[in-house]
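Below is one structure, written out as structure tokens; the observations come after it.
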Amino acid sequence: MSAAHTSVGGMPEPVEDVTYRQQDWYAEDLVDRHFVRCEFFDVDLTEAVSRGAVFTECVFGSVAFNASRHTDSAFTRCSFTRCNLFEAEFTGCKLVGSTFDRCDLRPLRVDRGDWSFVALPGADLRGARFTDVRMREADLTGADLAGAVLTGVDLSGAQLHAVKLTRADLRGSDLSALDPTAVERAGARIDAEQAVLLAQALGFQVG
């Protein structure tokens, strides 16, 4: 079943409170679509492309987002459970307040956009790439970011306790919420400005 929709005056009608189960939306082109409080279970969105799509308070359960591409789309206050985001890419997208639980997130790529208040506790994000993303007050407690790239990321107020940052590239990111004694950090890359900040966090006087 295709993700067909109607429009009024050229603007897409929001689809509200609809449940989709076992739908084949392989390579679906989702342009300027709007879903509100919809539920998606076992939907195949492999290689789907979204542009300007909006998902508000939607539920995604066991949805395949493999190799999907999302540009200037919004997934606000959505929940993702047991979803597969293998090689998914998000460019300029808004995921404020969304939660991820037991999802396959490798190797996720995120460029720009707003992921503030996103919940990714315990997530396996090894090798993921986040560049120039706002992740204020995101919950990354216990997440595994070994070998990940987080450059130019705003992590102010983020929950970073027990996060694994081994060999991660953190240059240019806001690490003001990071307690360097409460994370795994061997081999992580930081810039000179961050080094001063973390030294001060450890109680050193610099200069």
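Worth a mention:
Here's the yes/no breakdown for (1) buried (at least 18 other Cβ atoms within 10 Å of the Cβ); (2) closer than 19 Å to PHE55 by Cα; (3) not hydrophobic (A, V, I, L, M, F, W, C):
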{"residue": "LEU120", "(1), (2), (3)": "yes, yes, no"}
{"residue": "ALA123", "(1), (2), (3)": "yes, no, no"}
{"residue": "ALA128", "(1), (2), (3)": "yes, no, no"}
{"residue": "THR141", "(1), (2), (3)": "no, no, yes"}
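- Looking across region 98-116, the residues that are over 10 Å from the mean Cα position of the chain (by Cα) and in a loop (DSSP other than H, G, I, E, B) come down to ARG102, CYS103, ARG106, PRO107, ARG112.
- Any hit, region 165-173, residues being more than 13 Å from TRP115 (Cβ to Cβ), under 15 Å from the mean Cα position of the chain (by Cα), at pLDDT 95 or above and assigned by TED's automatic domain parsing to the domain that holds LEU197: no
- Residue ID - surrounded by the fewest Cβ atoms within 10 Å (Cβ to Cβ), chosen from residues in region 16-62 that are part of a strand (DSSP E or B) and touching a His at 6+ places or on another chain (Cβ under 7 Å): VAL54
- Contact map, region 158-178: first residue over 20 Å from VAL96 (Cα atoms) and part of a loop (DSSP other than H, G, I, E, B), second residue among the basic types (Lys, Arg) and at pLDDT 95 or above, Cβ cut-off under 9 Å, separation 6 or more or different chains; pairs are ARG167/ARG189; ALA168/ARG189; LEU170/ARG189; ARG171/ARG189.
- Here is the figure for region 192-207: residues that are part of a loop (DSSP other than H, G, I, E, B) and either surrounded by 15 or more Cβ atoms within 10 Å (Cβ to Cβ) or in contact with a helix residue (DSSP H, G or I) (Cβ under 8 Å, 6 or more places away or on another chain) (or both) total 2.
The values are calculated or read from the model by the stated rules, or taken from the named source; none is laboratory data. Computed from a predicted model, the values in this text were never measured in an experiment. Cβ: placed from backbone, ideal geometry, glycine included. Neighbour counts: every protein chain shown.
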